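Scroll down for the structure; my scribbles are underneath it.
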Amino acid sequence: MTRSGKRGRPGAGRTLTEDEILDATLALLDEGGVAAASVRGIAARVGVAPNAVYTYFPDKAAVLSALVERLLGLVDQEALADRSTPWRDRVETVALNLRAQLMAHPGAVSVLIGGPMDGLNALGIGERLLELLADAGLEPTETAMASYLLITYVFGSMALEVAELAEPGPPPPEPERVAARAAVYGAIPAAAYPRTAAAADTLAGYISTEQYRWGLRRVLDGIAALSR
């Protein structure tokens with residue numbers, strides 16, 4: 001069976017599935033980042049010899065590529081295509097849900113940003129976005145450029161947020177992270193950096209859902225201004 005078939009094949013002493021391999025990879029990314037997700041580490045996690053993993057994937061890069069495709073499967077393509085909902089609402093709902101799901105696995109975000117997005121889910125998302133932006137009234141060239149703008153905002157924002165995390169694993173609750181940033185900004189000398197000190201509370205919230213939504217809406221404002 002092909003990868004999409006999800007059927008287990010005999011391994012060394014047990015039955016293994018691709019989903020088990022990807023589950024183990026995600027768990028290792030959560031615990032130790034990309035370095036922890038070696039083929040040997042994955043094999044140990046699922047209780048098989050490394051050659052059993054190679055039955056499904058030729059190398060670590062192939063495992064991570066498959067994981068990227070699975071993560072992109074979290075995007076609700078049906079919601080993007082639902083013309084009964086205004087196009088802006090479709091984008092905002094999907095973008096907020098995707099951020100919540102992916103930020104639970106920050107190690108995977110790094111893989112997602114760094115890996116090729118060329119699988120069926122990636123193509124499907126791109127197609128739905130182009131349709132949605134055409135619904136918004138954009139010309140064909142503008143739909144393609146606006147689609148890329150949305151993708152870079154959504155994933156770029158998450159990448160910057162993940163980059164601030166000190167340890168692998170699920171991040172602390174958002175209020176705790178914002179409070180930690182506020183403490184750092186609160187220590188900046190106001191005499192030397194008066195504007196930074198005055199904006200400290202807002203700067204501390206750069207990693208918040210509120211900031212993410214605010215930025216997304218400004219991007220959507222700009223796209224809406226292009227509509228015919």
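The values are calculated or read from the model by the stated rules, or taken from the named source; none is laboratory data. Given the structure is predicted, the values throughout are model-derived calculations rather than measurements. Glycine gets a Cβ as well: all are built from the backbone with ideal geometry, and neighbour counts include every protein chain shown. With ligands, DNA and RNA removed, areas are computed over all heavy atoms of the protein, side chains included. Shrake-Rupley method; radii C 1.70, N 1.55, O 1.52, S 1.80 Å.
Considering only the stretch 75-130, state which residues are among the acidic types (Asp, Glu) and farther than 13 Å from LEU150 by Cβ.
To start, the set of residues in the stretch 75-130 that are among the acidic types (Asp, Glu) comprises 76, 78, 82, 89, 92, 118, 127.
ASP76, GLU78, ASP82, ASP89, ASP118, GLU127, listed by residue number.
Hey, does the stretch 77-91 have a residue that's surrounded by fewer than 20 Cβ atoms within 10 Å (Cβ to Cβ) and among the aromatic types (Phe, Trp, Tyr)? If you could, list the steps in order and put the result at the bottom.
Pass one, the stretch 77-91, residues surrounded by fewer than 20 Cβ atoms within 10 Å (Cβ to Cβ): 77-79, 81-86, 88-89.
So of that shortlist, the ones also among the aromatic types (Phe, Trp, Tyr) come out as none.
Among the residues of the stretch 77-91, not one is surrounded by fewer than 20 Cβ atoms within 10 Å (Cβ to Cβ) and among the aromatic types (Phe, Trp, Tyr), which makes the answer no.
Could you pull out the residue among ASP89, ASP82 that is over 19 Å from VAL219 (Cα atoms) and of a type in the set (Asp, Glu)? Don't jump to the end; show me each part of the working.
Values: ASP89 fails: over 19 Å from VAL219 (Cα atoms).
Checking each option against the conditions leaves just ASP82.
May I ask you to say which residue of ALA95, ALA104, ALA52, ALA24 is in a helix (DSSP H, G or I), among the aliphatic types (A, V, I, L, M) and either open to solvent by 30 Å² or more (accessible area, probe 1.4 Å) or more than 25 Å from GLU164 (Cα to Cα) (or both)? Quick ask: steps written out before the conclusion?
Values: ALA95 fails: either open to solvent by 30 Å² or more (accessible area, probe 1.4 Å) or more than 25 Å from GLU164 (Cα to Cα) (or both); ALA104 fails: in a helix (DSSP H, G or I); ALA24 fails: either open to solvent by 30 Å² or more (accessible area, probe 1.4 Å) or more than 25 Å from GLU164 (Cα to Cα) (or both).
After ruling out the rest, the residue left standing is ALA52.
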